[in-house]
Amino acid sequence: MKKFFAIILVALLVIPLLYSKADAGQFGQLLIELETSVNFSAQTTQWRARRNGWINEVRAAGSNLAALKRLLIEFETNVNYSAQVSTWSQQRNAWIARVNNARNLRELGEAMIEVETSINYSAQVPSWRNRRNAWIASVRAATY
């Protein structure tokens, strides 16, 4: 009987983790998708040379939270302020602190959504408007 209860207890603890585990690989793909939504003209000139290496690093990051944090900040750093809402420059330091203090993909996902909302539609490819809501839902599904 004790063995039965031990198995039930383990199942109750492990099964939710299996189904709620954040998908780091999907997070990386969603980060790349966000980057591709931004017009080159809205990004720094240095970004063109860095972009392919950055994409490779995002793909290789896997579940490395520290690497994903760094890569998210690097992406945001290479979006021109002129492509972002006017209040972003005042919010940016707090956002960077939230990214650096993120303890899991859920918190990092919310920060990724926050930076997406800082980018003006005019700085994004026209098809993004139709994709945006599904992208936000995918970020939340992958990180919750």
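Working from the Cα coordinates of segment 23-143, the gyration tensor eigenvalues give, after taking √(5λ), semi-axes of 20, 16, 15 Å in decreasing order.
Taking 0.36 nm per residue of separation and subtracting the current Cα-Cα distance, fully stretching the chain between Phe40 and Val125 would add 29.6 nm. Within segment 55-144, the trypsin sites (Lys or Arg not before Pro) that combine a DSSP coil assignment with at most 12 other C-beta atoms in a 10 angstrom radius are Arg103.
In plain terms, the residue of Phe27, Phe40, Phe75 with the fewest other Cβ atoms within 10 Å comes first and the most crowded comes last, giving Phe40, Phe75, Phe27. Summing charges over all other residues whose Cβ lies under 14 Å from the Cβ of Thr36, with Lys and Arg as +1 and Asp and Glu as -1, gives +2. When Lys and Arg each count +1 and Asp and Glu each count -1, what net charge do the other residues less than 12 Å away from Gln84, Cβ to Cβ, add up to? That works out to -2. Charge tally for Asn133 (other residues, Cβ to Cβ under 12 Å; Lys, Arg +1; Asp, Glu -1): +3.
Amide H to amide H, with H built 1.01 Å from N, Asn120 comes under 5 Å of Gln84, Val85, counting only residues 5 or more places away or on other chains.
FYI, it's all coordinate maths here, none of it is from the lab. Everything quoted here is computed from the prediction, not taken from an experiment. Positions of Cβ are generated from backbone atoms using ideal geometry, with glycine treated the same way; all protein chains shown enter the neighbour counts.
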